[in-house]
Amino acid sequence: MKIYDLVIDIPKTLGVNLLATSEGHPYYEYTEGVKTDKIAGYQYEIMAERLNYDKVTVKIAGQAESAITYSGELIPVRFENLTGKAWTDYKNGSEIRLSLTATAIFPVNIEKKLRIGSGGKNSVD
């Protein structure tokens, strides 16, 4: 068995607290192993709470432009049809990496903020 044969529940692996660290960047098609100038889609670097905020990249094929705008702050996001597989990065000490894809990305508007007060009194705005 190879690591890429494993079936992984990616949404459960990443959790729901996903933060984009920048706006999307294009990735390009390859023909016979050679990079072309044709944009294949956009990729987004995110941090996932369940992965101790390690950065991972999610690719969305067919996007013509970035779906989010970065203004210097982390952007809470969610993905549609998020899937992926694991692979071994032999160039980095055989670390396990994730190859992730989705069909769409959406910013998440967080309306409520948790206030942590003194004496154990917390509130939600």
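The values are calculated or read from the model by the stated rules, or taken from the named source; none is laboratory data. What you see is a predicted model, and the numbers here were worked out from it, not measured in a lab. In this analysis, Cβ positions are derived from the backbone assuming ideal geometry, glycine residues included, and neighbour counts consider all displayed protein chains.
Observations
- Of all residues in the stretch 55-75, those that are in a loop (DSSP other than H, G, I, E, B), loosely packed, with under 13 Cβ neighbours inside 10 Å and either of a type outside the set (S, T, N, Q) or touching a Phe, Trp or Tyr at 6+ places or on another chain (Cβ under 8 Å) (or both) total 5.
- Qualifying positions in the stretch 76-100 - of a type outside the set (A, V, I, L, M, F, W, C) and either in a helix (DSSP H, G or I) or crowded, with 18+ Cβ neighbours inside 10 Å (or both): GLY84, TYR90, LYS91, ASN92
- Residue match in the stretch 26-41 (condition: within 14 Å of ALA104 (Cβ to Cβ) and either in contact with a His (Cβ under 8 Å, 6 or more places away or on another chain) or at pLDDT below 95 (or both)): no
- Residue tally, condition over 11 Å from SER22 (Cα atoms), out of contact with any Pro (no Cβ under 8 Å at 6 or more places or on another chain) and of a type outside the set (D, E, K, R), over the stretch 41-56: 5
- Considering only residues in the stretch 1-54 that are in a strand (DSSP E or B), of a type in the set (A, V, I, L, M, F, W, C) and touching a residue at least 60 places away in the same chain (Cβ under 8 Å), the one that is nearest to LEU74 (Cα to Cα) turns out to be ALA20.
- For VAL124, the conditions (1) over 18 Å from the mean Cα position of the chain (by Cα); (2) at pLDDT 90 or above are fulfilled apart from (2).
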